[in-house]
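Asks: Just dropping this structure here.
The values are calculated or read from the model by the stated rules, or taken from the named source; none is laboratory data. Quick caveat: nothing in here was measured; it's all calculated off a predicted structure. Note: ideal-geometry Cβ built from the backbone for every residue, glycine included; neighbour counts use all protein chains shown.
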Amino acid sequence: MSDNHIPNHCASSSHSHPHPPTHSHDESSAYPPAGSSDIGDIYTVLSSYHCYRRLAHLSLTHTRRQTFYALPLSQQNLLSAPPISFLDTLNSLDEAVSNNADLADAIFEVSVDCFGADMEVCRDPRFGKLPNADEMEKVRSTLKQFYRDWSAEGEEERKAAYGPVKDELSRRFGEHSYEEKHSISILVPGAGLARLAFDLAVLGYTCQGNEHSFHQLMASNYILNFSPSANCHTLHPWCHTFSNHRTRSGQLKGVTIPDVHPASLLRSAGDRFSMAAGSFVREYNTPESKATFDVVATVFFIDTAVNVVDYLYTIWNALKPGGVWINTGPLLWHWEGREVVRDPGDEDADGGEKVKGVELTVEEVLVLAEKIGFKVERKGRMDRGEYVGAGEESMLKYVYEGEYWVAVKEGVEKEVKEEENDLFE
Ligand SMILES: C[S@@+](CC[C@H](N)C(=O)[O-])C[C@H]1O[C@@H](n2cnc3c(N)ncnc32)[C@H](O)[C@@H]1O
């Protein structure tokens, strides 16, 4: 694995996050190193968390107040009278944004240090220059993601997504004691806000999450290592959009996060839990990563590949012989119709050459897996999962019927010998 990790000197315990598998406290290995092009990304992402409060108030309530006061007085009276009380709604939305912003600010505060940013730069007034709409959307969607991963109310959605992985693990290792599970190492690529990786470490497994998005890494680092107690933040996941709400209380609904106190629960996990920052293929398609994990659990992840063949080889590489790949999720190919560098997040790869995605069906992915050297042991449809995009009461919901499969790495890579594929180039 490359040394492309964020140092853990800022973290409160040995389960620091994100951190290198080799726990380096050497300041000279700080990530990203000076001059790295990633430094730009870090400041952009920091800036987007930093600006959330101002921009969310601006776009959600300020502009609507302006619209309201530009209306004819008769209409203003209609809308401001109970039970619509539109101006009260805007005040309540301001409170909701303020609560969300407390979380965004907390993420910003700890990330400056943890991600090796320069506080002087962050204090510079120019630092607060407006991030683009795309960056701000990532902040809003990351905040919303806390609902599924870290609220009590998100439990049902978590069950639908992570249940098949946990079920398969208990099928295989259910007889193991808590201590025996320590010797089973699991990799969770595209770990998002790290709930699955966290849950598996709490169950006793040795678990590493991998993630390449700084929005996600900063948010999970905060919740895992720095949130002071369970239920310490109130989050209003659905406040950012006015569409498809049956009731105003639905839009304004607040949930508390995290539903548990991660740092307390991880204390006993110590080194068994880690997060590795970086692109999956770049981090795990290496000789050092070869045959290091007993299980690779991909949840809503493989469709993030530009080239799914690269992902499958990487999973194969990271697994020990006889190791298990557990997959759940749909195939919503993230890069369909777009031209991107082959491994987004690794702009240096292939000299930044732009390519189109390789998008396969489930059948084809499984054939490919067998060709590479997996034996598909079980497969099936996931329980219907409901994605409550705009709240439980929303008029718009997404239902997915993803697939799960369990495939075992056989001893020999079948179709392509190591020297023929570009695994280690
Ligand atoms: C659809 S989300 C799923 C997140 C998480 N597994 C879950 O179920 O909540 C896909 C995640 O993979 C991450 N990701 C995408 N491409 C990646 C790559 N090449 N390396 C590492 N992470 C990646 C994204 O940043 C995102 O957090």
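Asks: May I ask you to list the residues in the range 312-327 that are within 13 Å of the ligand (Cβ to nearest atom), over 19 Å from Pro164 (Cα atoms) and in contact with a Ser or Thr (Cβ under 8 Å, 6 or more places away or on another chain)?
Replies: Ala318 - this is the single residue of the range 312-327 that is within 13 Å of the ligand (Cβ to nearest atom), over 19 Å from Pro164 (Cα atoms) and in contact with a Ser or Thr (Cβ under 8 Å, 6 or more places away or on another chain).
Asks: Would you call Asp105 in a helix (DSSP H, G or I) and closer than 30 Å to Ile223 by Cβ?
Replies: yes
Asks: Could you name every one of the strands (runs of 3 or more DSSP E) located completely within the range 165-240 that has at least 3 residues being within 16 Å of the ligand (Cβ to nearest atom) and under 12 Å from the mean Cα position of the chain (by Cα)?
Replies: Where strands (runs of 3 or more DSSP E) fall fully within the range 165-240 and carry at least 3 residues being within 16 Å of the ligand (Cβ to nearest atom) and under 12 Å from the mean Cα position of the chain (by Cα), they are 206-211.
Asks: Any chance you could count how many residues in the range 353-369 are modelled with pLDDT of 95 or more and among the basic types (Lys, Arg)?
Replies: Total meeting the criteria: 0.
Asks: Are there any pairs with C-beta distances below 9 angstrom linking a residue in the range 138-159 that is without any contact (Cβ under 8 Å) to a residue 60 or more places away in the chain and near the ligand (Cβ under 10 Å from one of its atoms) to a residue that is of a type in the set (Val, Ile, Thr) and part of a helix (DSSP H, G or I), with the two at least 6 apart or on different chains, and if so which?
Replies: Asp149/Ile223
Asks: Out of the range 135-152, which residues are hydrophobic (A, V, I, L, M, F, W, C) and closer than 15 Å to Thr256 by Cβ?
Replies: Within the range 135-152, Leu143, Phe146, Trp150, Ala152 qualify.
Asks: Another question about this same structure. Check the range 132-145 and report whether any residue there is in contact with a helix residue (DSSP H, G or I) (Cβ under 9 Å, 6 or more places away or on another chain), among the polar types (S, T, N, Q), at pLDDT 95 or above and buried (at least 22 other Cβ atoms within 10 Å of the Cβ).
Replies: Yes, the range 132-145 has at least one match.
Asks: Need the failing condition index for Glu283 against (1) surrounded by fewer than 23 Cβ atoms within 10 Å (Cβ to Cβ); (2) at pLDDT 95 or above; (3) acidic (Asp, Glu), just the number.
Replies: Looking at each condition in turn, Glu283 falls short on (1).
Asks: Listed residues Thr304, Thr292, Thr256; which is surrounded by fewer than 23 Cβ atoms within 10 Å (Cβ to Cβ), within 11 Å of the ligand (Cβ to nearest atom) and not charged (D, E, K, R)?
Replies: After ruling out the rest, the residue left standing is Thr304.
Asks: Find the residue count for the range 369-384, including only residues that are closer than 13 Å to Pro164 by Cβ and hydrophobic (A, V, I, L, M, F, W, C).
Replies: 1
Asks: Take the residues in the range 108-125 that are in a helix (DSSP H, G or I) and without any contact (Cβ under 8 Å) to a residue 12 or more places away in the chain; name whichever of them is nearest to the chain's Cα centre (by Cα).
Replies: Checking each candidate, the answer is Glu109.
Asks: Return a yes/no flag: does the range 261-280 have any residue that is within 15 Å of the ligand (Cβ to nearest atom) and surrounded by fewer than 21 Cβ atoms within 10 Å (Cβ to Cβ).
Replies: Checked the range 261-280: no residue is within 15 Å of the ligand (Cβ to nearest atom) and surrounded by fewer than 21 Cβ atoms within 10 Å (Cβ to Cβ).
Asks: Next question, about the same structure. For Val340, state whether it is at pLDDT 95 or above and touching a Lys or Arg at 6+ places or on another chain (Cβ under 9 Å).
Replies: For Val340, the condition - at pLDDT 95 or above and touching a Lys or Arg at 6+ places or on another chain (Cβ under 9 Å) - is not met.
Asks: Looking at the range 95-107 only, could you name the residues that are within 13 Å of Gly254 (Cα to Cα), in contact (Cβ under 8 Å) with a residue 12 or more places away in the chain and acidic (Asp, Glu)?
Replies: The answer is none; no residue qualifies.
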